[in-house]
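**Student:** Can you read through this structure? Questions will come right after.
The values are calculated or read from the model by the stated rules, or taken from the named source; none is laboratory data. Here the structure is a predicted model, which means the values were calculated and not measured. With ideal geometry, Cβ positions are generated from the backbone for all residues, glycine too; neighbour counts draw on all protein chains shown. Calculation scope for accessible area: heavy atoms of the full protein, side chains included, ligands and nucleic acids excluded. Shrake-Rupley method; radii C 1.70, N 1.55, O 1.52, S 1.80 Å.
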Amino acid sequence: MAEMQGLMERLERAVGRLELLSAGSHRPPGDCGEVNGVNGGVAPSVEAFDKLMNGMVAEFLKKSRILAGDVETHEYQEDRNDLVISETELRQVAYVFKCGKSTLQIKGKINSIIIDNCKKFGLVFDNVVGIVEVINSKDIQMQVMGKVPTISINKTEGCHIYLSEDALDCEIVSAKSSEMNILIPQDGDYREFPVPEQFKTAWDGAKLITEPTEIMVSERPPKPLT
């Protein structure tokens, strides 16, 4: 977080210098005149702006995309079961992309979590105030230790969600997904409930009525991550 603060301060100083450079030019907008001996060349303020965008701004955007550090920290991770994010803030978002055969633990309370294009990936988190999204993934296990209002599953094959006692009011929203199971704590263990994948629709004379078809409950649900 100190690194991000330092980068913010450098960015503010650079923007200030850019504003002074732009204010020092008295040419009308779009009139660059003669720059470096070339008529109609690029104005110094434009060159400075391009350099700023390709330098510190690009670095800041990259590092602000993921919680507590560089976005590459949680991209393309394979066979890692020691991934931990411990320094968290309420406004932050964790983005996990193309990780496989790995487990990530997020401590504290954050805004939201996105799991994108991951396979055989496990997530354990304490509290989320917004939403947890699983997109284009396969074989995902998720364990909620605290609270989360909404979990969204989209275009995913295989997703097991372990809810805590405090998260039983969580809403599960799914679309174009299969093999989804919600595990509810009961008597020191978990009971598995499948999320419907098939629906039947009938006309009742006035409107369409859609109901989920029944699915058998697994006798041996998988073990939780912790």
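**Student:** Note down the magnitude of the dipole of region 86-126 about its Cα centre, charges +1 on Lys and Arg C-beta and -1 on Asp and Glu C-beta and zero elsewhere, to the nearest 20 debye.
**Tutor:** Numbers: 7 positive and 4 negative charges, 47 e Å.
Using only the charged Cβ atoms, the result is roughly 220 debye.
**Student:** Distance cut-off 25 Å, Cα to Cα: go down the list Lys107/Lys155; Lys98/Lys200; Lys120/Lys147; Lys101/Lys155; Lys155/Lys207; Lys107/Lys176 and report the pairs above it.
**Tutor:** Working: Lys107/Lys155 27 Å; Lys98/Lys200 35 Å; Lys120/Lys147 23 Å; Lys101/Lys155 19 Å; Lys155/Lys207 29 Å; Lys107/Lys176 30 Å.
Too far apart for the 25 Å limit: Lys107/Lys155; Lys98/Lys200; Lys155/Lys207; Lys107/Lys176.
**Student:** What value in Å³ per residue do you get for the convex hull of the alpha-carbon atoms in region 108-224? Please list the in-between numbers first.
**Tutor:** Numbers: hull volume 13.9 nm³, N = 117.
Per-residue hull volume (Cα only) is 119 Å³.
**Student:** Another question, if that's okay. Quick one: pull the percent of accessible area on region 62-202 belonging to carbon and sulfur, 1.4 Å probe, ligands and nucleic acids left out.
**Tutor:** Numbers: 3090 of 7030 Å².
Carbon and sulfur atoms account for 44 percent of the accessible area of region 62-202.
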